[in-house]
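Please treat every number below as a calculation from the coordinates, not as lab data. Note that the structure is predicted; figures quoted are calculated from it, not measured. Ideal geometry is used to build each Cβ from the backbone, glycine not excepted, and the neighbour counts take in all protein chains shown.
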Amino acid sequence: MIVSSQKKQKYGQFKKLGVDFEYLLNFYKFPPLEDITIEEFETFALDRLQVLKAIEGAILRNKTEEQIRGHINQISDEFLPLRSNDGKQRYDLQAERRKDHISHFILRLAYCRNSQKKQKYGQFKKLGVDFEYLLNFYKFPPLEDITIEEFETFALDRLQVLKAIEGAILRNKTEEQIRGHINQISDEFLPLRSNDGKQRYDLQAERRKDHISHFILRLAYCRNEELRQWFLRYECILFKIRFTNEKKEDRDAFLRDENIIWPQLSSTEKESMKKELNLSQEYWKDPIFVVEFENALELVSRRAVYLKDGKAYVPAHEQITLVLSEFRKRLEEALLLASKAFPKLDDERILPLLNNINKQYLGKNFMGKNVVEGKVTADDVDELVGHFPLCMQNLHKNLRTSKHLKHYGRRQYNLFLKGIGLTIEEALIFWRKSFSMIDDSKFQREYAYNIRHNYGIEGRRKDYAPLGCMSIITNNQPGPSENHGCPFRHFSEENMKATLIDNGIRNTDQINNIITLVRDKHYQIACTKFYEITRNLEDLNEDKPVVETIQHPNQYYEASTKLTKSKKKK
């Protein structure tokens, strides 16, 4: 049989979009990503509606199940044909299944509408969203409208939790320490409680935020392989922490609902394999799951399971590894699908946030009421340099040596000094004294305006915030004879080692630890480690990080000055 070039082209389009409907049956897990015409949109929707209305009519007329099936098969053949893999041309099957797939999602959108204002919990129910469990595989994207404020807040709050996980892991905390720290951070930014008698609405509100925030960050982190891997890693760890925290009965109920069920050995089989399983008395009464070995590769690699005939025998205490493998596999696939859809996103309200959220500073802005308490004068700055992070120490050192800084260096340092409490009057005095090689008229003409501009006194009168670490690391890379930027990011390795030694770090292991973090591009963790080492804080409290990961130069200064004050009180 000759298939027309147009039909071949259609089938090629399915393959190109990564859509190959292998089966007639469909759980409609992933929305279609292709563009369709308005005519297709309308025709597909109305044809599927014919079938659903026919089912409704047959049921209301009390037809038997067999009569309903016969009638619907007839209606489906006319409006929504869907045939089995019985030798029919592959193209025809794909075309039918494509229509079935797309029409389902069109009607899903059409029938999720909420026209009346109701309480939040009512909205969840009307939308078909009822988060029965704390745990979530995030199979279906949220369908409701949310405000721009919610969009941004939800995303940044979840990012706080994922960044906290990253920081704890990079600082070599144990699994138990990480779990304790993340539970504490989650309670602040992304609380998620179990079904333990708490008001149902409160649980739904928490789980709604968790659900929506996951999908926002999934969009933000789907854009390239590096971002996808980062998101995948820390979402998996967050899921593992939650799974471990959850009660066994709720875990089991969640897995049953997700149809994640593995065959188990009977008592007789366990007894006959007692020697091979080699289980301690502690775990002997627990179930043994039988899975395909490729679904337990991590356990196989660390010799934690018995293998036989391509099957892995997994004790119940290793169940989390199997669940996590399933979660990872699904999220990997979903991120790739999202990456294909992302270029078609054109909402100018959210694109800037999605494109830049991985660079976002998540702490306080060190402006207004957030400025460090206590007025700082121009004459105090030299005495306070010991509390400055390395980036600001470097700027101060070069300012004192050359009596000058270039534009980006002045801006970075001026905003930092503003954030530690230097008023505009004191800032003008500080910079005038520092630029001692030039006369007053040149200073007023070329420099004073920009200083006042940073304080919101000139130009647009915008009150600029001190720059956070990600802004310093990623924007305006320093060129020759420029001193701004982040030393951990922009210094050569030799220069970095010399700088560490100059700051009193002479222990080879400590130097190598920081250099390794720098090589792996964990610049903020390296800065945090520098802070801890230079203040003899390493491992003083194994259960909790001594200081949160440094995300802002003014955060570093604030932590250092508070530490000094606390030592003086003792």
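The list (1) 97, 66, 53; (2) 120, 69, 43; (3) 81, 60, 47 gives values of Cα extents along the principal axes in Å, and only one came from this structure; which label was calculated from it?
Step by step, Cα extents along the principal axes in Å for this structure corresponds to label (1).
Which one of Tyr449, Phe491, Tyr413 is farthest out on the positive end of the charge dipole of the stretch 370-569, using unit charges on Cβ (Lys, Arg +1; Asp, Glu -1) and the Cα centre as origin?
The one lying farthest along the dipole's positive direction is Tyr449.
Each label point is 7 Å from the Cα along the Cα-to-Cβ direction; what then is the distance between the points at Thr244 and Asp286, in nm?
It is 1.3 nm.
For the stretch 414-465, what's the relative contact order in percent, using C-alpha pairs closer than 8 Å and at least 6 residues apart?
Details: 37 pairs, mean separation 17.5, N = 52.
Computed value for the stretch 414-465: 34 percent relative contact order.
Tell me the net charge near Tyr455. Cut-off is 14 Å between Cβ atoms, Tyr455 excluded, with +1 for each Lys or Arg and -1 for each Asp or Glu.
Numbers: positive: Arg410, Arg411, Lys418, Arg452, Arg460, Arg461, Lys462; negative: Glu425, Glu426, Glu458, Asp463.
For residues surrounding Tyr455, the net value is +3.
Just flag the trypsin sites (Lys or Arg not before Pro) in the stretch 182-274 sitting in loop per DSSP whose Cβ has no more than 11 other Cβ atoms within 10 Å.
Working: sites: Arg193, Lys198, Arg200, Arg207, Arg208, Lys209, Arg218, Arg223, Arg228, Arg233, Lys240, Arg242, Lys247, Lys248, Arg251, Arg256, Lys270, Lys274; in loops: Arg193, Lys198, Arg223, Lys247.
Hits after loop and neighbour filter: Lys198.
Do you know the relative contact order of the chain, to the nearest whole percent, from alpha carbon pairs under 8 angstrom that are 6+ apart? Present the calculation step by step, with values, prior to reporting the outcome.
Details: 553 pairs, mean separation 62.9, N = 570.
Here the relative contact order equals 11 percent.
Show the residues, 5+ positions off or on another chain, whose built amide H is closer than 5 Å to the amide H of Leu422.
Val376
I want to check the label-to-label distance for Glu152 and Arg61. Put each point 7 Å from Cα in the C-beta direction and report it in nm to one decimal.
Modelled inter-label distance: 5.7 nm.
State, to one decimal in nm, how far the label point of Asn224 lies from the label point of His317, with both points 7 Å from Cα in the Cβ direction.
Result for the modelled spin labels: 4.3 nm.
Measure out, as a whole number of angstrom, how far apart the alpha-carbon centroids of the stretch 35-110 and the stretch 149-223 sit.
Between the Cα centre of the stretch 35-110 and that of the stretch 149-223, the gap is 40 Å.
Of Phe140, Ser402, Leu337, whose Cα points farthest to the positive end of the dipole of the chain (charges on the beta-carbon: +1 Lys, Arg; -1 Asp, Glu; origin at the Cα centre)?
Ser402
Which value, in debye to the nearest 20, gives the size of the charge dipole of the chain about its Cα centre, when Lys and Arg are +1 and Asp and Glu are -1 at the Cβ?
Working: 93 positive and 84 negative charges, 211 e Å.
In debye, rounded to 20, the chain gives about 1020.
Restricting things to alpha carbons, tell me how big the stretch 370-569 is in terms of Rg and Dmax, in Å.
Both quantities, over Cα of the stretch 370-569: 17.2, 57 Å.
Can you give the FRET efficiency to the nearest 0.05 for Asn536 and Leu52, using r as the Cβ-Cβ distance and R₀ = 45 Å? Could you put the intermediate results ahead of the total?
On the way: r = 70 Å, r/R0 = 1.56.
Efficiency for this residue pair is about 0.05.
Tell me what the chain gives for mean residue ellipticity at 222 nm when only DSSP H runs of n ≥ 4 count, each as -39,500 (n - 2.57), the sum divided by the residue total, rounded to 500 deg cm²/dmol. Walk me through the numbers on the way to the answer.
Values: 27 runs with 324 residues, N = 570.
It lands at -17500 deg cm²/dmol.
For Gly456, which sequence-distant residues (separation of 5 or more, or a different chain) have an amide H within less than 5 Å of its own amide H, given hydrogens modelled in the peptide plane?
Amide H to amide H, under 5 Å and 5 or more residues apart or across chains, Gly456 pairs with Tyr464.
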